[in-house]
Ligand SMILES: Nc1ncnc2c1ncn2[C@@H]1O[C@H](COP(=O)(O)OP(=O)(O)OP(=O)(O)O)[C@@H](O)[C@H]1O
Ligand SMILES: [Mg+2]
């Protein structure tokens, strides 16, 4: 099943004097259950492309379908609802809510986005805490956790709503190599267990090795996508 | 909803000092307003009863035109016996009327045989006068403190006059007056008491028995200058006046050309202006409270939104609807307002209780040793609290709206 379809997708940023073509005429398809990485030099358009797929930004031209929905057509509120239903996010700097505990951070999307009942919330959060190996840290606040631990919580938060797709822009850039590696392994394990599609971007060559499909961007253009075996 | 409050309260706890400062500011404003309202309110109440219970009565009925020339105490503008009987019958049928006192007011000469001066005299029925103005008895600073002081042939002399003429209890004096037709008549009286002055016009009058006044002025039938009325609840004096007016107007028109006029204490006493000024001041102090709450909450919420741009970006990215984000910040401002209001109300009630224990005394005009007993009506507490909470919500609205309109990618990029 195809989850993401992009056709001649472009994004141009118009600043005062110059136009920056951050993404230019990119076409690709991503199958559900993929473990895919966008790679490329700084400024090649990875973040821009992930933002488009994540419905955080709108394409300048071309078409983009995510989970069968033409996402370019969604207005603000619809896009928010769509993200809440279908997409999980993992951020480079973890972005946990500092006033909530690990448990509450994972629970957040179920409360504030999906309005799930407390019983169901609890079961799901406990399951994910277990899956990311953080059960014993569940009552700690983010500032009491290490970077790797924070990112584990963030991954659990991204998955708690059972999204079709998890997007992670440089999820390991703020971690040391060893932790980065365990985080990417954890992401892959979650994909294996839940069959959720993972799309991430990275600079780190050792992390790239873990991706199953590697798509290379250069100057906003998709140079190639190839299957690798991590 | 519970979760919105949980997050809002934790965010407020996160910036402890700032939150504490804002809450204290709001509480301070609430305390100021409530203590001010309570002190001035009690002061006003005390002053009003001081005036109404000393000599004025809560409202007065005259023949139309009398009050306009009250300085001259015009005998030709007295209520006629026919009018008086209409009014008395009317008043007897009105529940809210507690007591009434018919008075004959006239200017006279007061003579101790050695010296003579002008005096304003009220001829009254002692039982009725003491019932209508209950403080009369306590105003008698020397002599018999009761209705006995106003039996026929006795006179209550105002303090200032007594002091000037060195008049003593038991002295014999003469009161000489000109009647309506211009003929002069006099009568001797025994001084039965010295009357303490009260603030306002009429606070320095002398008093004799109604029938003595009739005799001096050679009145035919029951002519009366004014009828003072005491109502059961001073707060509702306006309503009662309206009620009496409705009842008397028609009948007055029928029986007599001139009719009646009814004035409440506030239309008769210059203290009403002070009372109004207090109300105006209270209004401006409430405005000040609104300004304090508005500025402090607005300030804190603008800071909160600015500091949490990335957090807003994060929750927006993961799908929190703009409306939820809006309510998150509204709830935060609301919580600040509620806490400030609660703390302020509790402290204000404490301060008011302490003021009552202290029994502060003060002097107003000629009345010394008045004890201030501030109280606060539940309605005033409620108004102030509701005002604070509503203004808190209004002040949070703009920053909250701004947060809800943020684009997640811009907010996430913010450092
Ligand atoms: N909001 C923006 N306004 C203007 N230009 C932008 C904006 N965002 C990105 N760009 C430009 O678009 C191009 C692609 O940027 P993008 O952030 O997608 O690159 P990237 O591959 O994620 O780089 P990095 O590896 O450094 O994160 C860059 O030239 C960048 O300067
Ligand atoms: Mg990037």
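Just so it is clear, none of the values below were taken in a lab; they were calculated from the coordinates. On a predicted model such as this, the values are computed, not experimentally measured, just so you know. For neighbour counting, all protein chains shown are included, and Cβ atoms are generated from backbone atoms with ideal geometry for every residue, glycine included.
Give the share of C-alpha pairs in each 10 angstrom bin for the protein assembly as shown, from 0 to the last occupied bin, in whole percents, shortest bins first.
In whole percents, the pair-distance histogram is 3, 13, 16, 13, 9, 7, 7, 7, 8, 8, 5, 2, 0, 0.
Using the 10 angstrom Cβ neighbour count as an exposure proxy, how do A:124, A:224 rank, fewest first?
By the 10 Å Cβ count, ascending, the order reads A:224, A:124.
Counting other beta carbons within 10 Å of each residue's own, what order do B:159, A:210 fall into, fewest first?
Exposure proxy ranking, most exposed first: B:159, A:210.
Tell me the angle of helix B:378-404 to the major Cα principal axis of chain B, expressed in degrees between 0 and 90 and rounded to the nearest ten.
Around 30 degrees separate the two axes.
For the range A:48-63 and the range B:93-118, what is the separation of their C-alpha centers, rounded to whole Å?
94
Taking the DSSP beta bridges in the range B:65-258 as the whole, what percent of them are antiparallel, to the nearest 5?
Working: 31 of 40 bridges.
Approximately 80 percent, going by the DSSP bridge assignments.
In chain B, how does Rg compare with the Kirkwood Rh, expressed as the Rg/Rh ratio over alpha carbon atoms?
1.22
Per residue of the protein assembly as shown, what 222 nm ellipticity follows from adding -39500 (n - 2.57) for every DSSP H run with n ≥ 4, rounded to the nearest 500?
-15000 deg cm²/dmol
With N residues in the range B:65-258, what two-decimal value do you get for its Cα radius of gyration over 2.2 N^0.38 Å? Don't skip to the end; give the middle numbers.
Values: Rg = 17.0 Å, N = 194, 2.2 N^0.38 = 16.3 Å.
Normalised by 2.2 N^0.38 Å, the Cα Rg of the range B:65-258 equals 1.05.
Among B:315, B:194, B:409, which comes first, then next, by fewest other beta-carbon atoms within 10 Å?
Sorted ascending by nearby Cβ count, the order is B:409, B:194, B:315.
Points 7 angstrom from Cα along the Cβ direction at residue B:185 and residue B:5: gap in nanometres?
Label at residue B:185, label at residue B:5, 7.8 nm between them.
If one computes the Cα centroid of the range B:21-51 and of the range B:310-354, what distance in Å separates the two points?
26
Helix A:76-86: angle to the longest alpha-carbon principal axis of chain A, degrees 0 to 90, nearest 10?
With both axes taken from Cα atoms, the answer is about 60 degrees.
Which whole-number percent of Cα pairs in the range A:7-122 have a distance greater than 18 Å? Show your work: numbers first, answer last.
Details: 4081 of 6670 pairs.
For the range A:7-122, the share of Cα pairs beyond 18 Å comes to 61 percent.
Between 0 and 90 degrees, rounded to the nearest ten: what's the tilt of helix B:16-51 against the longest Cα principal axis of chain B?
On a 0 to 90 degree scale, this one is about 10.
Could you work out the Rg to Rh ratio of the range B:1-116, with Rh taken as the Kirkwood radius (inverse of the mean 1/r over all Cα pairs)?
Ratio of gyration radius to Kirkwood radius: 1.40.
Please tell me the relative contact order of the range A:2-227 in percent, rounded to the nearest whole number, where contacts are Cα pairs under 8 Å and at least six residues apart.
It comes to 29 percent, rounded to a whole number.
For the range B:163-224 and the range A:111-159, what is the centre-to-centre distance using only Cα atoms, to the nearest Å?
94
On average, how many beta carbons from a partner chain sit within 10 Å of the beta carbon of a residue in A:111-122?
So the per-residue partner count for this stretch is 2.
In peptide A:82-90, how many Cβ atoms from other protein chains are near each Cβ within 10 Å, on average?
Details: counts 1, 6, 5, 1, 1, 3, 2, 6, 0.
Taking the mean over all residues of the peptide, I get 3.
Considering the Cα positions of the range B:100-155, please state its Rg to one decimal place and its Dmax as a whole number of Å.
Expressed in Å, the Cα Rg and Dmax of the range B:100-155 come to 12.5, 37.
Can you list the equivalent-ellipsoid semi-axes of the range A:2-227, largest first and in whole Å, using the square root of 5 times each Cα gyration tensor eigenvalue?
Those come to 29, 20, 16 Å.
To check you understand DSSP bridge types, tell me what percent of the beta bridges within the protein assembly as shown (both residues inside) are antiparallel, rounded to 5.
70
Plugging the Kirkwood radius over Cα pairs into Stokes-Einstein for the range B:285-362, at a temperature of 20 °C and a viscosity of 1.002 mPa s, what D comes out in µm²/s?
My calculation gives 139 µm²/s for D.
Would you calculate the volume per residue, in Å³, of the smallest convex hull containing every Cα atom of the range B:300-415?
Values: hull volume 14.5 nm³, N = 116.
It comes to 125 Å³ per residue, whole-number rounded.
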